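K.L.:
Below is the structure I would like to discuss, written out as structure tokens.
The values are calculated or read from the model by the stated rules, or taken from the named source; none is laboratory data. What you see is a predicted model, and the numbers here were worked out from it, not measured in a lab. Neighbour counts are summed over all protein chains in view; Cβ atoms, including those assigned to glycine, are modelled from backbone coordinates with ideal geometry. Calculation scope for accessible area: heavy atoms of the full protein, side chains included, ligands and nucleic acids excluded. Shrake-Rupley method; radii C 1.70, N 1.55, O 1.52, S 1.80 Å.
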Amino acid sequence: MGLAIGLGLMEYPFASAAGFWRWVDLCEQAGADSLWQTDRLISRAPVLECLTMLAAVAGRTRRLKFGMNVLSLAQRDPVLVAKQCATIDVLSDGRLLPAFGIGSPLAPEWAAMGIDTATRGRRTDEALEVITRLWREERVDFAGRHLRLTAASIAPRPVQAALPVWIGGSSPAAIRRTARFGTGWQAGGETPEEAAEVIAAIRRETAALGRRIDEDHYGAGFAFWFGQPEEAPVQQAMAAYRARTGRDPGRGIVAGGAEEILARIAAYAGAGVSKFILRPVGSGDEAPLAQTRLLLEQVLPRLGGLPPPQPPASH
């Protein structure tokens with residue numbers, strides 16, 4: 001059960017498309033496991049649409065896997081999402097890692113799009129059933145509270161016979177959702193201690209359903225900066241994190257050097273996490289590239305020296 005590092009983006013930090021593609025090429029060539037894009041539909045800050053970005057990356061790369069971190073299903077048409085995911089998986093020869101969640105109740109999309117936040121859990125559960133069935137069944141009939149389908153089908157279906165489904169969220173409902181539909185779980189802002197509790201709860205729920213999630217299919221993420229916490233890019237990222245989540249930015253941002261980043265990875269590994277989505281702090285064409293290069297040169301080669309992930313007790 002080895003550790004793997006992927007690189008992620010939330011806001012689009014680059015000054016040009018050329019800067020973005022230099023970053024993608026670096027990740028492809030220097031050994032990153034995967035690329036991930038946060039899902040935001042309504043935003044004053046620049047954020048790439050996640051599925052469009054993944055389709056573009058699929059055409060640029062040959063080795064990298066990629067996913068969305070995580071797509072808010074209640075804001076999307078599930079048939080279209082199923083079709084988009086299947087298309088990307090086919091054209092990338094099976095490198096897509098779909099990840100889904102219900103979205104933050106504080107997100108601006110709900111008011112802007114006229115969606116009742118109280119319905120997002122039920123909408124997400126119905127969408128997950130529809131999407132996963134469309135990926136594997138010839139004909140889908142479905143009658144839910146929010147979704148109805150009659151004799152629906154898509155083709156081509158995904159290349160991956162069992163397309164992964166990563167689920168985000170740590171509420172009791174999200175844990176049940178992961179146990180029912182998920183093949184993996186991706187932490188949001190959970191600390192290592194909180195992640196350990198969620199993973200243990202998911203293991204209990206999956207056992208009760210007669211299912212299991214592979215031990216190396218639990219993930220977490222944080223932003224990183226090689227440098228001092230007092231530097232302007234970190235201070236800006238911390239202020240944005242606090243405004244967006246209301247939480248201490250130390251939960252989601254690590255500033256320092258390779259030792260500090262490895263220590264945070266080790267703490268999550270001790271909670272049972274083995275997959276990581278790390279987001280470089282900084283903007284412009286050079287800073288994200290330089291930060292990513294430092295991560296891949298100074299942290300990635302040392303992962304093998306860390307203790308292996310330890311699955312938390314399920315009882």
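K.L.:
Leaving out ligands and nucleic acids, note down the accessible area per residue over the stretch 1-121 with a 1.4 angstrom probe, in whole Å². Intermediate results must be reported in sequence, preceding the final value.
P.N.:
Values: 4850 Å² over 121 residues.
Result: 40 Å² of accessible area for each residue.
K.L.:
If you don't mind, there's one more thing I want to ask. Write down the accessible area per residue of the stretch 204-315 in Å², having rolled a 1.4 Å probe over the full set of protein chains. Kindly include the intermediate steps, with their values, before the conclusion.
P.N.:
Numbers: 5150 Å² over 112 residues.
Roughly 46 Å² per residue, with all protein chains present.
K.L.:
Measuring from centroid to centroid over Cα atoms, what is the spacing of the stretch 1-43 and the stretch 203-223 in Å?
P.N.:
Result: 24 Å between the Cα centres.
K.L.:
A follow-up question, please. Determine, from the Cβ-Cβ distance of Glu231 and Ala173 and an R0 of 41 Å, the FRET efficiency 1/(1 + (r/R0)^6), rounded to the nearest 0.05.
P.N.:
Taking R0 as 41 Å, the efficiency between Glu231 and Ala173 is 0.55.
K.L.:
If Ser92, Ser43 are ordered by their accessible area, calculated over protein heavy atoms with a 1.4 Å probe, which sequence runs from highest to lowest?
P.N.:
On the way: Ser92 5, Ser43 60 Å².
Solvent-accessible surface, decreasing: Ser43, Ser92.
K.L.:
Under a 5 Å amide H to amide H cut-off, with H placed in plane at 1.01 Å, what residues pair with Ala99 once short-range neighbours are removed?
P.N.:
Those qualifying (amide H under 5 Å, at least 5 residues apart or on another chain) are Met68, Leu71, Trp166.
K.L.:
Is the shape of the stretch 15-93 best called rounded, prolate or oblate, per the rule: a/c under 1.5 gives rounded, else a/b larger than b/c gives prolate, else oblate, with a ≥ b ≥ c the square roots of the Cα gyration tensor eigenvalues? All intermediate terms of the calculation are to be shown ahead of the outcome.
P.N.:
Working: a/c = 2.20, a/b = 1.27, b/c = 1.73.
The shape class here is oblate.
K.L.:
Considering only protein heavy atoms, what per residue accessible area in square angstrom results for the stretch 144-193 with a 1.4 angstrom probe? Provide the component values of the computation, followed by the final result.
P.N.:
Values: 2300 Å² over 50 residues.
Ligands and nucleic acids excluded, the result is 46 Å² per residue.
K.L.:
Return the carbon/sulfur percentage of the accessible area of the stretch 1-159, one whole number, probe 1.4 Å, all protein chains in place.
P.N.:
Values: 3600 of 6970 Å².
C and S atoms contribute 52 percent here.
K.L.:
To continue, here is another question. Shape verdict for the stretch 57-175, please, from the Cα gyration tensor: rounded (a/c under 1.5), prolate (a/b greater than b/c) or oblate. Before the final figure, lay out each step's value.
P.N.:
Details: a/c = 2.00, a/b = 1.30, b/c = 1.54.
Judged from the Cα gyration tensor, the stretch 57-175 comes out oblate (a/c at least 1.5, b/c at or above a/b).
K.L.:
Report ³J(HN,Hα) in whole Hz for each residue of the stretch 11-23, in order, from the Karplus equation J = 6.51 cos²θ - 1.76 cosθ + 1.60 where θ = phi - 60°; Gly and Pro get x.
P.N.:
6, 6, x, 7, 7, 8, 4, 4, x, 4, 5, 4, 5
K.L.:
For every helix of n ≥ 4 consecutive DSSP H residues, a contribution of -39,500 (n - 2.57) applies; sum these over the chain, divide by its total residues, and give [θ] at 222 nm rounded to the nearest 500 deg cm²/dmol.
P.N.:
On the way: 10 runs with 126 residues, N = 315.
Value at 222 nm, helices only: -12500 deg cm²/dmol.
K.L.:
Rounded if a/c is under 1.5, else prolate if a/b is larger than b/c, else oblate: which is the stretch 158-315, with a ≥ b ≥ c the root eigenvalues of its Cα gyration tensor? Write out the running numbers ahead of the final one.
P.N.:
Working: a/c = 1.95, a/b = 1.74, b/c = 1.12.
Judged from the Cα gyration tensor, the stretch 158-315 comes out prolate (a/c at least 1.5, a/b above b/c).
K.L.:
Label Arg244 and Arg136 with points 7 Å out from Cα along Cα→Cβ: what is the distance between them in nm?
P.N.:
3.3 nm
K.L.:
Could you give each residue of the stretch 140-146 its phi-based ³J(HN,Hα) in whole Hz, using Karplus coefficients 6.51, -1.76, 1.60 with θ = phi - 60°, and x for Gly or Pro?
P.N.:
10, 10, 8, 10, x, 6, 10
K.L.:
Next question. Using protein chains only and a probe of 1.4 angstrom, how many square angstrom of Ser171 are accessible, to the nearest 10?
P.N.:
Accessible surface of Ser171 is approximately 50 Å².
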